1. On a full-extension model of 0.36 nm per residue, what is the gain between VAL125 and THR157, subtracting their alpha-carbon distance, rounded to one decimal in nm?
2. Please give the residues of the stretch 67-91, grouped as numeric ranges, whose backbone N is less than 16 Å from a label point set 7 Å along the Cα-to-Cβ vector of VAL105.
3. Using DSSP H assignments, which helices in the chain have an axial alpha-carbon span of 30 Å or above and a mean Kyte-Doolittle hydropathy of -0.5 or higher?
4. Using only the Cα atoms of the chain, what semi-axes does the equivalent ellipsoid have when each is the square root of 5 times a gyration tensor eigenvalue? Give whole Å, largest first.
5. If the chain between LEU72 and MET1 were fully stretched, how many nm would it gain, using 0.36 nm times the residue separation less the Cα-Cα distance?
6. First select every other residue whose beta carbon is under 14 angstrom from the beta carbon of ALA119; then total the charges, Lys and Arg +1, Asp and Glu -1.
7. Rank-order 2-11, 86-95, 71-80, 42-51 by packing density, defined as the average count of other C-beta atoms within 10 Å over each peptide's residues, highest first.
8. Along the Cα→Cβ direction, 7 angstrom out, place labels at VAL26 and LEU112. What is the inter-label distance in nm?
Amino acid sequence: MRQAFFRWLIPAAFVLPLWLFVGWIVFGANPWALLWVIVSAPVVLIGQLILTLLVRARGTVRADRAVSWLDLGLLGAWHVLIVALGVFDSRWWWPLLALTVGVGVAALWSSLSQLWREARGGLTVLRTSEGIGYIPPAAPHADTSDPEVIVITEGRTPPAP
């Protein structure tokens, strides 16, 4: 399910704004609702593209080709709320819009937080072609504080006069 959602992220950036237009037409919303569609469709498009880039920037997402469970929950809820906005029922449209914006901000914050946590470093888990995870060995570094190590630097001697 996480891998399927990973593949859905880019198409969602184009399908969800289109759904807002289609929902406006299908459910016969008033002409003022078109103004909100014109404003919100680009916001959904750009927001979804930014969230997709933030999610796909993480190494674990690229390695597994699957989003995290937190991404699935928040972005999935955001997508469901956007689809519900496209129904244009005036009884609950404004509270739903506020909830959609709140969940979108939470998804952005979560994506930034997960990206920051992975970018800070720490433990890196790599996978073999068979899917077995392993931790790579630490890279050796030269320790010049060891008394048995002698470092000789070649210097140029000045030419004789």
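Here, each number is a calculation from the coordinates, and none is a lab measurement. Computed from a predicted model, the values in this text were never measured in an experiment. With ideal geometry, Cβ positions are generated from the backbone for all residues, glycine too; neighbour counts draw on all protein chains shown.
1. Working it through step by step, the gained length comes to 6.6 nm.
2. Answer for this model: 78.
3. Once both thresholds are applied, what remains is 2-26, 31-56, 93-119.
4. Numbers: eigenvalues 553, 75, 35 Å².
After scaling each eigenvalue by five and taking roots: 53, 19, 13 Å.
5. 24.7 nm
6. Numbers: positive: ARG56, ARG58, ARG62, ARG117, ARG120; negative: GLU118.
Net charge in that neighbourhood comes out at +4.
7. 71-80, 42-51, 2-11, 86-95
8. The two pseudo-label positions are separated by 3.4 nm.
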